[in-house]
Amino acid sequence: KKSNIIRKKGGGTPIKKMRHFISNEDLVNSLVGRCLLPRQFKEHFLKVDRVKYLHDKQKKYIDSPSKIDAGQTISAPHLHAFALRELQPVLKKGAHVLDVGCGSGFLTAVFAYIVGIDKGIGKVVGIDIHQELVDFSKKNILENNPELFNNNLVTIVKGNGWKGYPQNKIELYDAIHVGAEADKLPKKLWAQLKPGGIMVIPIKNNKSTKMMIFQKPVFKNQLCNGRPCNVK
């Protein structure tokens, strides 16, 4: 029988590798222990209880996708942790973040705590093409993390995320997280990323999907073989 425990070298606290957890804290500790979630973001992740952002509030703490409204899903916790890890260099206090395909509002709320919305700094915009998910996100944040709406620095809107926000002019973001699958890098969304900013986006490639990380060149015309620099 295989063990559900990963032993750290030299001893220390064992790390669970199973998908089911008894609490939000148990889940978050596992993400940190598996080096998926940066330790500096742990306190922010703990403030947003994943189960309370699900359609079915009786769901357990599971490291797997969960269904929400409009036939959509909220990503598995390890994918959210992965996104935060890749965006870590630009997720500073006071940063501006765009969350495309905000779904249940879970990661939008986590971003808000990271950039300091509860302290009156930073800005986070969540955008979704489905009105019922926009309403769902607002409801979840209002019920579970209401202080994030105190100073008008968190915005949840309905719109085509590939065009960014606002859609009638260019507003630049330090970090753009895309939860919805794209066929290619959306040009209008790319235009709203600050020089030096980072975008995490799942892009379909033949029959598979790859999570792509794009970092915008600091100098406008700096390209690598015709593509934006720092791509992985």
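Carbon and sulfur together cover what percent of the accessible area of the range 164-208 at a 1.4 Å probe radius? Before the final figure, lay out the partial values.
Working: 1170 of 2360 Å².
Carbon and sulfur atoms account for 49 percent of the accessible area of the range 164-208.
Accessible area per residue of the chain at 1.4 Å probe, in Å²? Intermediate results must be reported in sequence, preceding the final value.
On the way: 12290 Å² over 232 residues.
Each residue of the chain exposes 53 Å² on average to a 1.4 Å probe.
For percent of Cα pairs over 26 Å apart, computed directly from the structure shown, the correct entry in [x] 46; [y] 31; [z] 36 is [z]. Estimated translational diffusion coefficient (Stokes-Einstein, Kirkwood radius over Cα pairs, 37 °C, 0.692 mPa s) of the range 158-213: 282 µm² per second. Taking amide H as placed 1.01 Å from N in the peptide plane, G197 has its amide H under 5 Å from the amide H of K216, each at least 5 places away in sequence or on another chain. Working from Cα positions, state the angle (0 to 90°, nearest 10) between the long axis of helix 106-115 and the longest principal axis of the chain. Around 80 degrees separate the two axes. The long axis of helix 77-87 is offset from the longest Cα principal axis of the chain by roughly 40 degrees.
Got a number for carbon plus sulfur as a percent of the range 77-157's accessible area, 1.4 Å probe?
Values: 1490 of 2800 Å².
About 53 percent, which is the carbon plus sulfur part of the accessible surface.
For the chain, the longest principal axis of the alpha carbon atoms and the long axis of helix 131-144 meet at an angle near 50°.
Based on the Cβ-Cβ distance from R34 to N206, what FRET efficiency comes out when R0 is 25 Å, to the nearest 0.05?
On the way: r = 29 Å, r/R0 = 1.17.
So, using R0 = 25 Å, E works out to roughly 0.30.
The values are calculated or read from the model by the stated rules, or taken from the named source; none is laboratory data. The shown structure was predicted, so the numbers you read here are calculated from the model rather than taken from an experiment. Glycine also receives a Cβ, built like all others from the backbone with ideal geometry; neighbour counts cover every protein chain displayed. To get the accessible areas, we keep the full protein, side chains included, count just its heavy atoms, and leave off ligands, DNA and RNA. Shrake-Rupley method; radii C 1.70, N 1.55, O 1.52, S 1.80 Å.
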